[in-house]
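Contents: one structure, followed by commentary.
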Amino acid sequence: MEKLEKTENTLAFKAKIEDVLINSIRRYLNQIPIMAIDEVEISVNDSPLYDETIAHRLGLVPLKTEKNTKEGDSGVLKLNVSGPGFVYSGNLKGEPQPSYKEIPITFLENKGELNLVAKVRAGKGIEHVKFSPGLLFYREVAEITLDKDLFNEVKSLCPHNEIKEKGNKIIILDNKRKEIKDLCEGIALKKKKTAETNYSDEKIVVLESFGQMMPEDIFKRSIEILKKDLDELRKEVEKNL
């Protein structure tokens, strides 16, 4: 396994992994219990948005979620704001706190008020997207073969990718965070040349968090839940055989 990129909300790495396994991990992201606003009781709303619209916006505000969160865990957030000015996610008081403080909820004119109580609970992404922790996608590492006279153009557009010369051809290794296969094929098409692509058994895996959990924690938690379900399935099969 080789790490390609690590930021606060993104993890990218290269590894030899089968399609069926990484796809199962991808699907199990939506089996991770994630905290989100589930019910909203609005007592005062002087904003230009309907109560239902504000409730919908609040439901999609990412909330900080601990790694050991269980389905059914709950919390309460309150919001009491007076205008004039924007109402932001950071105005919510209580636990769990929003992952981002500057998500705009609505706007209040002078002397306008917005008062509400939001009930929070842990749910899964298979139930509703507001409980989804992020996205995982992947692709195969590729080698793209082009005519040698395209070397300078490819090098200028893909300076960080390895390029090998082989006879009258060049071979570009597409193994970085940024995919270049379509770019190389476009260069060849523009010059009325051909591009040949060969894939390896390595994958580029990218996980992007919506902010509730760190991407590496999401990946580990998905694997843990998948393993637990497989163990339970194995026991059921053994019991009935």
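Being of a type in the set (D, E, K, R), surrounded by 15 or more Cβ atoms within 10 Å (Cβ to Cβ) and within 30 Å of Met213 (Cα to Cα) is the filter here, so list the residues in region 127-169 that pass it.
Selection gives Lys130, Glu140.
In region 132-153, what residues are closer than 23 Å to Ser200 by Cα and either of a type in the set (Gly, Ala, Ser) or free of Cβ contacts under 8 Å to residues at least 24 places away in the same chain (or both)?
Within region 132-153, Ala142, Lys148, Phe151 qualify.
Filter region 114-151 down to residues that are among the hydroxyl-bearing types (Ser, Thr, Tyr) and not in a loop (DSSP other than H, G, I, E, B) and give me whichever is nearest to Asn30 (Cα to Cα).
Selected residue: Tyr138.
Would you check which residues across region 99-117 are closer than 17 Å to Glu39 by Cβ and buried (at least 19 other Cβ atoms within 10 Å of the Cβ) and list them?
Matches in region 99-117: Ile105, Leu114, Leu116.
Determine which member of the set Lys111, Lys101 is farther than 15 Å from Ile42 by Cβ, part of a loop (DSSP other than H, G, I, E, B) and out of contact with any helix residue (DSSP H, G or I) (no Cβ under 7 Å at 6 or more places or on another chain).
Only one candidate qualifies: Lys111.
Only one of (1) of a type outside the set (S, T, N, Q); (2) under 26 Å from Glu102 (Cα atoms); (3) more than 19 Å from the chain's Cα centre (by Cα) is not met by Leu60, so which one is it?
Failing condition for Leu60: (3).
Scan region 6-55 for residues that are assigned by TED's automatic domain parsing to the domain that holds Pro84, of a type in the set (Asp, Glu) and either closer than 27 Å to Pro84 by Cα or modelled with pLDDT under 95 (or both) and jot them down.
Scanning region 6-55 gives Glu39, Glu41, Asp46, Asp51, Glu52.
The values are calculated or read from the model by the stated rules, or taken from the named source; none is laboratory data. The structure displayed is predicted, hence computed values, not measured ones. All Cβ positions, glycine included, derive from the backbone under ideal geometry; neighbour counts span all protein chains shown.
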